[in-house]
Structures are given as structure tokens and as C-alpha cells.
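The values are calculated or read from the model by the stated rules, or taken from the named source; none is laboratory data. Not measured: the values here are computed from a predicted model. SASA here: full protein model, heavy atoms, side chains in, ligands and nucleic acids out. Shrake-Rupley method; radii C 1.70, N 1.55, O 1.52, S 1.80 Å.
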Amino acid sequence: MCPITIGAAGVGGLVVGFVLGRLTKGGCKKNAGACKCAKKNDDRPLPQPPARQPIPAGSVEIYVGNLSYELDEAQLAKMFGEYGKVDSARVVLNRANGKSKGFGFVVMPNREEAEKAIAAYSEKEVMGRKMRVNEARNTIVE
């Protein structure tokens, strides 16, 4: 419902305007394009993220926060690949616009290699942002 200004009609006019707006299902027919309450065309389906897969037993899932918004999954996997084998790298995306939310996850099968990577990248500045890296807390294990 669009905001209604209270003029000479006072509160009575506000009530009548509210009721008329409800009866016409949307209120402002005059400025439907300019009105913020006009129904938007949101019939298109939102992109769904891939289903989260359980990590293999013995693997380590690493949380990587404060990522640069330009960093993609391939670059993230390459960075952590310098310290050992990387099973997967995932940058979490905003479903509405498909852009990075600024954090992601890396799965490494070897704990020693994962701990070296965590120590190396924790508080390290990459692409203008100081990353926060630690072992992920809530993981799904096979």
C-alpha cells in the first residue's frame, strides 16, 4: 500500500484512503509505475545453489571469510592448492544477483596440509582484503 498524506480530510481521509486502497488491491492506479508498492514482476525463479555435499571422512573443511568479491572458485582452489591437494573450493553466492557474498569453503583431504594452509592464509591480505581462515565448525561428514 502506498503512503497516503493526511491533508484537509484529516484522519478520516486516511481511513477512507486505506480502505479504498485495499479494495482496489494496490491503491495507486494513477502512478502504478512510480509507486514503490506496485507489484513487481517476480515470477521468475531464483537460481538455486547446488546441494551441499558431505565431506569425506578424514578431510578438513576450511572456512575462508572476508574474501574479495572478485575472487572465484578456481582462484581459491589454486591458492590453497599451493599447500596440498584440494578436493573442492566453493565461493558462496547471493541467490538474488549471483555475486559473491565474500566467503567460501575449501575441502582438503590431508589434515597437515590443511593446517599449513590455514596458518599461511589466516590474516593475509589478498586482493585488498584481509582474509579470515579457520576450520569450518558445522560440517556434514559422510
message: Rounded to the nearest percent, how much of the accessible area of segment 59-126 (1.4 Å probe, protein heavy atoms only) is carbon and sulfur?
response: 46 percent
message: So if I restrict to the alpha-carbon atoms in segment 96-142, what is the Rg, and what is Dmax, the biggest pairwise distance, in Å?
response: 12.8, 37
query: Averaged per residue, what accessible area in Å² does segment 70-109 show with a 1.4 Å probe, protein chains only?
result: 57 Å²
statement: Non-local residues with an amide H under 5 Å from the amide H of L67, with H modelled 1.01 Å from N and Pro and chain starts lacking one, are F103
